[in-house]
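This report concerns only the one structure given below.
The values are calculated or read from the model by the stated rules, or taken from the named source; none is laboratory data. Quick caveat: nothing in here was measured; it's all calculated off a predicted structure. As a convention, Cβ positions derive from the backbone with ideal geometry for all residues, glycine included, and neighbour counts pool all protein chains shown. Accessible surface areas use protein heavy atoms only, side chains included; no ligands, DNA or RNA. Shrake-Rupley method; radii C 1.70, N 1.55, O 1.52, S 1.80 Å.
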Amino acid sequence: MCGIVGILGSAPVAPLIVDALKRLEYRGYDSAGVATIENGHLDRRRAEGKLRNLEQCLQNAPLAGTIGIGHTRWATHGVPNETNAHPHFSGDVAVVHNGIIENFVELRDELAADGYEFQTQTDTEVVAHLVARELKKGQPPEQAAFAALKRLKGAFALAIMFGRDDDLIIGARNGPPLAVGYGEGEMFLGSDAIALAPFTDAITYLEDGDWVVLRRSGAHIYNMEGEPVERPRQQSSATAFLVDKGNHRHFMEKEIHEQPEVISHTLANYLDFATGGVKLFETPIDFAKIDRLYISACGTAYLAGLIGKYWLERYARLPVDIDIASEFRYRELPIVPNSAALFVSQSGETADTLASLRYCKNAGIPIAAIVNVRDSTIARESNGIFPTLAGPEIGVASTKAFTCQLSIFASLAIRAGLDRGTLTREDAAAMVRSLSEVPGLIRDALKLESRIEAIARKLSEVRHVLYLGRDTNYPLALEGALKLKEISYIHAEGYAAGELKHGPIALIDKHMPVIVLAPSDRIFEKTVSNMQEVAARGGRIILITDEEGASRTSLDNIETIIMPKVPEFVAPIVYALPIQLLAYHTAVAMGTDVDQPRNLAKSVTVE
Ligand code: F6R
């Protein structure tokens, strides 16, 4: 996490750096800072909290200088206060950092023994001191930075600036992404191409182990042996416009309402609604030939993968192993022959997902990714991608990316079923027809917003919530709980409805709302039996079902959200709507920061 920027410009750069940081705020918003060089001296402004605090600080005390570096922080080491905000200085050296220096304790002890005083609790400060110590030994800045970089273990994207040279920024990448941007007599460095979009679309992505020397005249890239390396220059498609909220109060609300449209676009990429078939889209995975598929992802993307597993196993009879990426990367599982791997990520930068991808790549199996950001590292390192056409997702809580991921999994299940001969053309056509109804069904579900808002107002008064579901509604129950806790800070758990009696039923009392996801499908009665068990113990039930489901329920005293009747196959895509709206309106009722909830970031580039 954290976003970093560096600019070698021709006019004062502080406002440009702040502009770039606004595009990077999704990477963290605990604190922010800018440093520039003016008359041979480093100067900086830093502020705790959101970027607007730094803007205020710069308004009160502007920074001059045509070279600068900036940072927006998601705290790893040290509380998010002004002292720990980047850039960090040591003498003539200024550093901004994204990632974690894993050997910082050892380096700090060594530097402290050498007389360096530490002002902050961060791991980053060791980098500034290491470079400063090399400079003191008489090394030129490039060599000083290189010597320091060789001492670092862990994950880092760095920008380093030297007070005495206002034509030099050094960048380095080992893990988190870093892009070099080329201008006319100007050069740029940024965590992603979106940050640099107002300045340039000519971009080079550094690879792991690269470091770069930037001067206004251009860039020279080296590897960790100090040898020059060539990296391709590409034209970025990142948009220069900061997406706005339109008439909505929050990005999350806007993104929830965009779903009919973005799901339509995404499905149209994979399916042919006219013929009821699947388009011949490129895939690095030959579904007919593999015996097993590994899926790995984090958070909401993982839960999309879990629903994907149910579909691929049911409709294509393809065995799927699914793991949370942070577990997958270290559990040393044997990768079987004739397998392939599929990674799911909105940002395409999640460190654990990327590490899992590399683990599978080393095993030599085909790699595909469902990604929203097409220029991302996960997209670039895959053999092929299935892009979600969700557009930029700004709200930290994933909504439209999730339903687009599900739309792709549904399309892949049909494609895999046809390729493996487990679905007939007629079966596939019926499934495509069901998917074609999804955008309209979601529009209908959005009409329930005022009813959901009324229920959410009551939810905002409780401290704990349980979500229950069966089959594909079980991962959705997990997603409902995740959405609620991350933006409303209410403790919520999702359970497989049948699992309730194996422990969590002990939690049920009149204070515990239990939200049950139960469309009237082939296992509806089973879920209703579990709901009866809750009711018998005085639990407060909120049932999300359809007319038929409601009429088949004999319980009084429950609240219902009556959804349109949905074909069973696509139910989890449509039932995502009420759980997103419940979380959203609960958070609004509680007055939390919906788009940038505390402690979170949109792109998680540390493990
Ligand atoms: C929750 C949420 C997160 C992300 C997770 C993975 O609303 O957004 O759980 O799903 O951090 O991020 P990506 O999809 O960018 O890999």
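Assorted remarks:
- Summed over region 279-295, residues that are outside any loop (DSSP other than H, G, I, E, B) and surrounded by fewer than 22 Cβ atoms within 10 Å (Cβ to Cβ) total 1.
- Selection count where residues are open to solvent by 20 Å² or more (accessible area, probe 1.4 Å) and over 28 Å from His250 (Cβ atoms), scope region 345-364: 7
- If the condition is being crowded, with 23+ Cβ neighbours inside 10 Å and either within 12 Å of the ligand (Cβ to nearest atom) or more than 15 Å from Leu342 (Cα to Cα) (or both), then region 367-395 contributes Ala369, Ile370, Val371, Asn372, Val373, Ser376, Thr377, Ile378, Thr388, Ala390, Glu393, Gly395.
- Only a single item in (1) open to solvent by less than 30 Å² (accessible area, probe 1.4 Å); (2) farther than 26 Å from Ser450 by Cα; (3) hydrophobic (A, V, I, L, M, F, W, C) is not met by Leu507, and it is number (1).
- Filtered residues of region 311-336 (kept if surrounded by fewer than 18 Cβ atoms within 10 Å (Cβ to Cβ), under 18 Å from Ile290 (Cα atoms) and not basic (Lys, Arg)): Glu313, Pro319, Asp321, Leu333, Pro334, Ile335, Val336
- Here Gln259 clears all of (1) away from the ligand (no atom under 15 Å from the Cβ); (2) within 19 Å of the chain's Cα centre (by Cα); (3) not hydroxyl-bearing (Ser, Thr, Tyr) except the condition numbered (1).
- Set side by side, the residues Ser398, Ser434 differ, and just one is assigned to a loop (DSSP other than H, G, I, E, B) and of a type in the set (Ser, Thr, Tyr), which is Ser398.
- So Gly226, is it on the phi > 0 side of the Ramachandran plot and out of contact with any Gly (no Cβ under 6 Å at 6 or more places or on another chain): yes
- Number of positions in region 259-274 that are touching a residue at least 12 places away in the same chain (Cβ under 8 Å) and part of a loop (DSSP other than H, G, I, E, B): 1
- Leading residue by the ranking (surrounded by the fewest Cβ atoms within 10 Å (Cβ to Cβ)) among those in region 416-426 that are assigned to a helix (DSSP H, G or I) and in contact (Cβ under 8 Å) with a residue 24 or more places away in the chain: Arg425
- Criterion (under 25 Å from the mean Cα position of the chain (by Cα), more than 16 Å from the ligand (Cβ to nearest atom) and closer than 30 Å to Ile394 by Cα) met by exactly one of Ile442, Ile452: Ile442
- Residue within region 186-194 that is among the β-branched types (Val, Ile, Thr) and open to solvent by 10 Å² or more (accessible area, probe 1.4 Å) present: yes
- Looking across region 491-507, the residues that are more than 24 Å from Ile562 (Cα to Cα) and either touching a helix residue (DSSP H, G or I) at 6+ places or on another chain (Cβ under 7 Å) or not in a helix (DSSP H, G or I) (or both) come down to His491, Lys501, Gly503, Ile505.
To keep it simple, each residue is scored yes or no on (1) open to solvent by 10 Å² or more (accessible area, probe 1.4 Å); (2) in contact with a helix residue (DSSP H, G or I) (Cβ under 8 Å, 6 or more places away or on another chain).
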position: Gly49; (1), (2): yes, no
position: Asn53; (1), (2): yes, no
position: Thr83; (1), (2): yes, no
position: Val95; (1), (2): no, yes
position: Leu107; (1), (2): no, yes
position: Ala113; (1), (2): yes, no
position: Gln119; (1), (2): yes, yes
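Per-residue answers, yes or no, for (1) touching a residue at least 40 places away in the same chain (Cβ under 8 Å); (2) closer than 18 Å to Val516 by Cα; (3) not hydrophobic (A, V, I, L, M, F, W, C):
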position	(1), (2), (3)
Arg443	yes, no, yes
Glu453	yes, yes, yes
Leu459	yes, yes, no
His464	yes, yes, yes
Gly469	yes, yes, yes
Lys501	no, yes, yes
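- Which numbered condition Leu478 fails, given (1) under 25 Å from the mean Cα position of the chain (by Cα); (2) more than 16 Å from the ligand (Cβ to nearest atom); (3) open to solvent by 20 Å² or more (accessible area, probe 1.4 Å): (2)
- Residue that is farthest from Thr350 (Cα to Cα), among those in region 122-160 that are of a type in the set (A, V, I, L, M) and in contact with a Leu (Cβ under 7 Å, 6 or more places away or on another chain): Ala144
- When region 396-408 is filtered for residues that are open to solvent by less than 10 Å² (accessible area, probe 1.4 Å), within 11 Å of the ligand (Cβ to nearest atom) and of a type in the set (A, V, I, L, M), the ones remaining, listed by number, are Ala397, Ala401.
- Arg433 vs. criteria in contact with a Pro (Cβ under 9 Å, 6 or more places away or on another chain), more than 30 Å from Lys501 (Cβ to Cβ) and of a type in the set (D, E, K, R): yes
- Of all residues in region 303-329, those that are of a type in the set (Asp, Glu) have Cβ atoms under 6 Å from Cβ atoms of residues that are away from the ligand (no atom under 13 Å from the Cβ), 6 or more apart or on another chain, in Glu313/Val320; Asp321/Tyr294.
- Of all the residues in region 347-362, those that are polar (S, T, N, Q), out of contact with any Lys or Arg (no Cβ under 8 Å at 6 or more places or on another chain), more than 8 Å from Ala325 (Cα to Cα) and near the ligand (Cβ under 9 Å from one of its atoms) number 1.
- Test result for Arg151, modelled with pLDDT of 95 or more, open to solvent by less than 10 Å² (accessible area, probe 1.4 Å) and among the basic types (Lys, Arg): no
- Within region 208-231, the presence of at least one residue that is open to solvent by less than 30 Å² (accessible area, probe 1.4 Å), assigned to a strand (DSSP E or B) and within 14 Å of Thr377 (Cβ to Cβ) is confirmed.
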